[in-house]
Amino acid sequence: MKPSLWRLTLYNLLRRPGRSAAAALGVLLVAATLFAGGLITQGVRHAVDVGLDRLGADLMVVPAGAGTATHKALVMGEPAAFYMEGQVAAQVAEISGVKSVSPQVYVETLASAACCTGRLFLIGFDPASDFTVKPWLTAQLGRDLEPDEILVGNHVLSMPGESMRFFGTDFRVVNRLDPTGMGMDETVFLPVASVAEMAQGSITKAEKPLTIPPGHVSSVLVRLADRDALGRVKEQIEHEIPGVAVVTPGQVTEGVTRDLSGLMGWLLPIAGGVLLISLMIFLILFAAIASERSREIGLLRAMGATARQAVASLLGEAALLGGLGGLAGVGLGLALYAIFQERILVHYTLPFLWPSVLQQVLLGVAVVLLCAGLAIAAAAIPAWRIAHLEPHHAIHRTIR
Amino acid sequence: MSYVSENWRGLAALFLGVGTVMACHYFLDTCADTGTFATLANGSQVHMVCSWSERATEGVGGLIAIMGLISLFMKQSARALSLAMAASGVLMILIPLVLIGTCKSPMMACNLSLKPGVLVLSGLITVVGLVGAGKLGVRMSQAKVA
């Protein structure tokens, strides 16, 4: 479209600002819902990919009945404390197809006295066999943790060098882990021997002693020699070791997908409903505009404008309305999601890691283009009818 | 022109101001509302930072309601009061984000309830204030031209 036609288009939109704003408002709501939905879906998938990759385990063996608590701890970092006999680790290691195992001990802290940490989830890992924290430790620190040192997840408020007190024992934060968007971000990692010392010390130092049955562990992380054998090894563990349950990354992903579909279950029908209403508004609006402006377009054509230019003027109006409404909607969707992010994630037990800026921009552009495209499609029929009217007909009659 | 369409700026300010006070007081949770307090070294429990954000927001909400009332009775001040309402909205945005803040952990009750609620209300107040002032500005410039 030539610059003069853009000016004409803009002038036409501003001629009836209320009508234009009403049409743009519908598009804005569609774009906001679509963008927020797309952003959440992308962020949840990103978090699951990064989180499970960081966990590094092909399977997790936990006490029977602790599956839900494990899911919440893995996904949201919700503190959990359950225990099973420590010999389970050795039993799992003996099963064919298992490459390595690493036991972990879970501790739920007391509510922190200092503002505002709340309860925290502590994981005691075995430095000799660990494959979740150890690779990161080796790369970033180049050494093992001392007994009074801890690593904290990215969302834990303490900074490196600061100290944190759990059950009366002081620990020094050595470093913060990179964000994963999963429960690991809310977790504190320390050597399993430090957990035992802390439990011992809690008898005299803490408000409430930490009780962990001697020789017990909370989970056993398992790495397989061949990932294709996952189903067989899972069945074998559950069959041969009584009182345990096996959690697989697939189950975690399935659980998250189920929770995500709970959110999308109401978000998508809203988007669909608003989309239908917006399309109807656009159809009615552009039918009215075409009818109202057939005389003006007839005159333009009589003065030498081509049918294509007349169509371009109307479709340009639709594209501009759709595009601007879509752009504002993307901004609104982003702002609303940023404001309500924590509430949504907690309510639906969803992990979330912000997608890269490029992915967010691409999603925004896709939503704006979709809005502009739908607006053009809705305006196409009246525009086509105008294009096929002879100038003198357009001047002397209105479109019905 | 009906009373509502003539006085919508003042009525909106009154409604949003009172709404802010009511929402903060009765509906939006601070950590203290859910029974979470900070414990000092001497063992006494005190309100956390979010409680003070709530009180400051209630104060600004009350001020906006008063501006709405003034605007209903002193029509010539409507544009200035709309601008002041928009500025108050920005102030309300800054209270939980910068000036006073909320508790540090994103999972605390105040960050799940008070902060998002206040941000939405203050966004609305800012937009309504700007639209009110803008529309009056257009009307005044048209009157000048005429």
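Throughout, read-outs are computed from the coordinates displayed, never taken from laboratory work. On a predicted model such as this, the values are computed, not experimentally measured, just so you know. Note: ideal-geometry Cβ built from the backbone for every residue, glycine included; neighbour counts use all protein chains shown.
Here the spin labels are modelled as points 7 Å beyond Cα on the Cα-Cβ line, and at residue A:196 and residue A:292 they lie 8.1 nm apart. A Förster radius of 22 Å combined with the Cβ-Cβ distance from residue A:361 to residue A:49 puts the calculated FRET efficiency at roughly 0.65.
Averaging the sequence gap over all C-alpha pairs within less than 8 Å and six or more residues apart, then dividing by the number of residues, gives segment B:15-72 a relative contact order of 51 percent. Say R0 is 60 Å: what FRET efficiency, to the nearest 0.05, do residue B:37 and residue A:283 get from their beta-carbon distance? The formula returns an efficiency of 0.55 here. Convex hull volume per residue, computed on the Cα atoms of segment A:64-211, equals 121 Å³.
Over the residues of the protein assembly as shown, the helix contribution to mean residue ellipticity at 222 nm works out to -21000 deg cm²/dmol, using -39500 (n - 2.57) for each DSSP H run of at least 4.
Modelled spin labels at residue B:46 and residue A:232, positioned 7 Å past Cα toward Cβ, are 6.4 nm from each other. For chain B, B:24, B:31 stand unpaired, since no other cysteine beta carbon lies under 4.7 Å from theirs. Considering only A:150, A:40, A:339, the Gaussian network model of chain A with Cα springs below 10 Å gives its largest mean-square fluctuation to A:339.
Maximal additional length on extending the residue A:25-residue A:393 stretch stands at 129.1 nm, based on 0.36 nm per residue less the C-alpha distance. Volume per residue of the convex hull around the Cα atoms, evaluated for chain B, comes out as 107 Å³.
Compared with the dominant Cα axis of chain A, that is its longest principal axis, helix A:17-55 is turned about 20°.
Taking each of A:72/B:104; A:205/B:104; B:75/B:115; A:208/B:104 in turn, the alpha-carbon distance tops 31 angstrom for B:75/B:115.
Counting other beta carbons within 10 Å of each residue's own, what order do B:46, B:98 fall into, fewest first?
Final ranking by Cβ density, sparse to dense: B:98, B:46.
Compared with the dominant principal axis of the Cα atoms in chain B, helix B:8-22 is inclined by about 10°. Helix A:230-240 versus the longest principal axis of chain A: what is the Cα-based angle in degrees, 0 to 90, to the nearest 10? Computed tilt is about 40 degrees. Which percentage, to the nearest 5, of the DSSP beta bridges contained in chain A is antiparallel? That works out to approximately 75 percent antiparallel. Toward the positive end of the charge dipole of segment A:1-136, with +1 on the Cβ of Lys and Arg and -1 on the Cβ of Asp and Glu, the farthest Cα among A:17, A:100, A:89 is that of A:17. Legend: calculated FRET efficiency, residue A:178 to residue B:6, from the Cβ-Cβ distance at R0 = 45 Å, rounded to 0.05, equals 0.20. When only the Cβ of Lys, Arg, Asp and Glu is charged (+1, +1, -1, -1), the dipole of the protein assembly as shown relative to its Cα centre reaches about 3680 debye. Springs between alpha-carbon atoms under 10 Å, Gaussian network over chain A: tell me which of A:303, A:159, A:182 tops the mean-square fluctuations. Result: A:303 has the largest fluctuation of those listed.
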